Amino acid sequence: RSMQLLQVDCAMASPSSSPMEVELADSWTTRDSAPLSAAAEHAVSGFYEAQRARHQQERERSLRLGSARGSAKWNRQELYIDPSRRSSAAAASRRHLARHPEWWRGTPLPCAEAKLREIVAAQHFFQVDCDDVGLPAPERRSEDIFGEGGDLADVSEQLLLDGPRSTYVIDGEEWDYAAEQLRNSGVENERGPLLLERDPLEAERQKGAFSCRLAAAVRQCLSVRSAGAAAGSAHPLLLRAVSTALSQSGMASLERACESTQVAVSGGDQLLRYELRSCGSRSGASTNEGDGAGAGRSVVWEASLEVKKVQFSNAIFCRAADEFAEPLAMEFGEGSSFGKRCLLRLRMAPDGGPPRVEVDVVELCEEVILFDTSGKRLPWPLPQLAASSKPPKGAGLPRTFRTSTCGRRCACTASVCRRTLLACSRLRLRWRRYFSNEHAR
């Protein structure tokens, strides 16, 4: 179940460089005031213009359907439609790229413009999620729910649901529910996952208990003196932001950022791995309480998200950037895999301003290994995914009547699936809590 680090197509200065070798103090420090390269500027402007056009179209559809104002979807649209908010977000993206000139400075470019655009998207989506946890409920751009009291206060409910079905490493300690069940049962691997069949209620109770212990480990890792937090406690905003990132909510941001080619696989397994560790304090002097030299310092945490799809036999590809491209269905041989990894650094903003979680995307990697049915390694990107040279029949019709375009259908399907999964996840969480309470009685 362990996943190797994804090292193909990494957004780093050179293949030999490692994010661990970069001083954490530099993550939030602009190294110089040189302007961004043309490719970097195009990546920023292209990303926000695409978001504006997409959400403007969604807004028009919402108005026709009479959707209520103040919903998470409406607030998300406003972020890109409103010129001042969009300009502020673009400025933040430029500051982020300015802190990492190794991605866009030099000839040839260390990262292609398409990769820079994905980095901009990842940074923006994760920062929006972090900002969201500090907003009043009517102003939020997401529908994430957090615990309101007790040991699970300020913990994302999505983390509690994902705990038993993912692998977590918290400050070097691995949390793997399936592996834990095998160790406790002492049965062979192929016979291990039978508890659900033997006693579904006990299985749900154990999953709930595992998620609670995982949440406590995350809270303990974040319980370091930082701006706005009492000694030995995790700041509520930081706990909300980190528990959101280390769940399917964070993985969704990663998937959205890398959507140049959308992939849907048939069969196989999906491996999810999240890691969190404290990196100590950087950017100044001590953070000890009462130490006047501590101004401007903050504790930094590193969080990584990895997803890998393996052992699949068929996949469907769709280019999000090409509205005329038809979906491409292909059959693949043994050993094919898709993988993505994102490395974040998070901290509470230094003292002197309102409490806010800051995030810095320092690595974004993609690994694609494809074999045909005869075992021959295939190139990536696939030549068949080249953009269409001419529009298909019916392209002159209004967008609403274009039946050959897959992008709109994929977006609608994805939206319905996300809402269905969210409703099912909430229902499972309620059942799990009910079973735990019944067992306690």
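Here is how the numbers come out for the structure above:
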{"item": "Flag if Arg86 is open to solvent by 30 Å² or more (accessible area, probe 1.4 Å) and within 22 Å of Ala303 (Cβ to Cβ)", "result": "no"}
{"item": "Meets criteria (at pLDDT 95 or above and small (Gly, Ala, Ser)) for Ala121", "result": "yes"}
{"item": "Residue pairs meeting the criteria (Cβ under 7 Å; at least 6 apart or on separate chains; first closer than 17 Å to Tyr48 by Cβ, in region 64-84; second of a type in the set (A, V, I, L, M))", "result": "Leu79/Ala89"}
{"item": "Qualifying residue in region 227-243 (condition: under 20 Å from Ile119 (Cβ atoms) and either within 18 Å of the chain's Cα centre (by Cα) or at pLDDT 90 or above (or both))", "result": "yes"}
{"item": "Residue check, Arg140 closer than 23 Å to Ala72 by Cβ, of a type in the set (Lys, Arg) and touching a helix residue (DSSP H, G or I) at 6+ places or on another chain (Cβ under 6 Å)", "result": "yes"}
{"item": "Counted residues, region 51-80 - those being aliphatic (A, V, I, L, M) and either farther than 22 Å from Asp132 by Cα or over 21 Å from the mean Cα position of the chain (by Cα) (or both)", "result": "4"}
{"item": "All positions within region 163-186 that are surrounded by 13 or more Cβ atoms within 10 Å (Cβ to Cβ) and at pLDDT below 90", "result": "Ala178, Ala179, Glu180, Gln181, Leu182, Ser185"}
{"item": "Some residue of region 193-212 being at pLDDT 95 or above, of a type outside the set (Gly, Ala, Ser) and under 28 Å from Phe125 (Cβ atoms)", "result": "no"}
{"item": "Ser62 open to solvent by 20 Å² or more (accessible area, probe 1.4 Å), over 22 Å from Cys258 (Cβ atoms), polar (S, T, N, Q) and at pLDDT below 95", "result": "no"}
{"item": "Number of positions in region 155-178 that are outside any helix (DSSP H, G or I) and among the small types (Gly, Ala, Ser)", "result": "3"}
{"item": "Where a residue in region 88-102 is touching a residue at least 12 places away in the same chain (Cβ under 8 Å) and its partner, wherever it lies, is open to solvent by 30 Å² or more (accessible area, probe 1.4 Å) and aromatic (Phe, Trp, Tyr), with Cβ under 9 Å and at least six apart", "result": "Arg99/Trp28"}
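Okay, residues lined up against (1) within 30 Å of Glu143 (Cα to Cα); (2) at pLDDT 95 or above; (3) in a strand (DSSP E or B); (4) among the β-branched types (Val, Ile, Thr):
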| site | (1), (2), (3), (4) |
| --- | --- |
| Ala252 | yes, no, no, no |
| Gln262 | yes, no, yes, no |
| Glu275 | yes, yes, yes, no |
| Gly296 | no, no, no, no |
| Glu306 | yes, yes, yes, no |
| Phe312 | no, no, no, no |
| Phe317 | yes, no, yes, no |
| Gly333 | no, no, no, no |
| Phe338 | yes, no, yes, no |
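The values are calculated or read from the model by the stated rules, or taken from the named source; none is laboratory data. As the structure is a computational prediction, the values presented were derived from the model and not from experiment. Quick reminder, even Gly has a Cβ in these numbers, built from the backbone with ideal geometry, and neighbours come from all protein chains shown. Please note that ligands, DNA and RNA were not included when accessible areas were found on the heavy atoms of the full protein model with its side chains. Shrake-Rupley method; radii C 1.70, N 1.55, O 1.52, S 1.80 Å.
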